[in-house]
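S.K.: Take this structure first; my questions come after.
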Amino acid sequence: MAATTVQETAPSLWERTNKATLAMAVVTAAVFAVFGLASDNFLTFGNVSNLATQVAITLIVAVAMTFVISTGQIDLSVGSTLAFVAVTTAELLRAGLDSTVVIVIGLAAGLFWGAVNGWLSAYQNIPPFVVTLATMSVIRGLAQLWTEGFSVPIDKRLLVARIGEMKLLGFSLLAWVAVAVVIVGWVLLARMRFGTYVNGIGSQEESVRRAGVSTARIKMYTLMLTG
């Protein structure tokens, strides 16, 4: 019997392309094209720079949320956590603490609430939808109680305020921070073992657990990341 040779062909570029990402890129380009034709000022450098600043915070949160959703979870408390961290930062600055210390404390505050969400959902087996829906109200309530519903002004000469006003190559420093977060998030999700675990839990959690990975710890880490 003659031996048959099976030739394996490498997948084409189209087969290796993420169709969902390509579709979103096309939609985004179409939206820019439509608004660019509708308004002469839309595609100007100044407006694009302004748009980059406006979407930067949402983009940073979205990167972290990608990890949460990839594990099959959800975090409804991110907006409240953002408000709480902002309030904490402003109040501590008004109290006279150094900006560097305040930034660290703000990050720690967000990490704390993320750990609370992660511990309750991952280790106490409470659905993350229920956990984060509850903490969403609790966290925002604490922020409003702290400020009594009023905005907290900060001195524009402080480092935190200057970070929000700094520009590099015409774009705000906040926009560049968002770009850096996207790059780090992509590396973690697509090139690191942690990202492999995250994707594995989202698609087949039991298989990942049987491979010796603490799925509860990974799920908790992702919620801490959003915090």
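The values are calculated or read from the model by the stated rules, or taken from the named source; none is laboratory data. On a predicted model such as this, the values are computed, not experimentally measured, just so you know. Cβ: placed from backbone, ideal geometry, glycine included. Neighbour counts: every protein chain shown. For accessibility, only protein heavy atoms count, side chains too; no ligands or nucleic acids. Shrake-Rupley method; radii C 1.70, N 1.55, O 1.52, S 1.80 Å.
S.K.: What are the residues in the range 72-101 that are free of Cβ contacts under 8 Å to residues at least 60 places away in the same chain, part of a helix (DSSP H, G or I) and more than 19 Å from the chain's Cα centre (by Cα), if any?
M.R.: Thr88, Leu92, Thr100, Val101
S.K.: Which ones in the range 70-88 are open to solvent by less than 20 Å² (accessible area, probe 1.4 Å) and under 16 Å from Trp113 (Cβ atoms)?
M.R.: Of everything in the range 70-88, those that are open to solvent by less than 20 Å² (accessible area, probe 1.4 Å) and under 16 Å from Trp113 (Cβ atoms) turn out to be Gln73, Asp75, Ser77, Ser80, Thr81, Thr88.
S.K.: So, one more: State whether one or more residues within the range 57-69 are of a type in the set (A, V, I, L, M), open to solvent by 60 Å² or more (accessible area, probe 1.4 Å) and either within 30 Å of Ser214 (Cβ to Cβ) or outside any helix (DSSP H, G or I) (or both).
M.R.: yes
S.K.: Which pairs do you get when a residue that is farther than 20 Å from Val104 by Cβ and touching a residue at least 24 places away in the same chain (Cβ under 8 Å), found in the range 145-168, comes within reach of a residue that is part of a helix (DSSP H, G or I) and of a type in the set (Val, Ile, Thr), reach meaning Cβ atoms under 9 angstrom, with the pair 6+ apart or on two chains?
M.R.: Thr147/Val87
S.K.: Starting from the range 170-197, take each residue that is on the phi > 0 side of the Ramachandran plot and list its partners that are open to solvent by less than 50 Å² (accessible area, probe 1.4 Å), counting only C-beta distances under 7 angstrom and pairs at least six apart or across chains.
M.R.: Listed pairs, sorted by first residue: Gly170/Ser49.
S.K.: Also, I was wondering about something else. Looking only at helices (runs of 4 or more DSSP H) that lie completely in the range 129-227, which have at least 2 residues being polar (S, T, N, Q) and buried (at least 18 other Cβ atoms within 10 Å of the Cβ)?
M.R.: In the range 129-227, the matching helices (runs of 4 or more DSSP H) lie at 215-226.
S.K.: Could you please find all residues in the range 122-144 being of a type outside the set (Ser, Thr, Tyr) and in contact (Cβ under 8 Å) with a residue 60 or more places away in the chain?
M.R.: Passing the criteria: Ala122, Pro128, Met136, Ile139, Arg140, Ala143.
S.K.: In the range 35-56, which residues are open to solvent by 60 Å² or more (accessible area, probe 1.4 Å) and under 28 Å from the mean Cα position of the chain (by Cα)?
M.R.: Phe35, Leu43, Phe45, Asn50, Gln54, Val55
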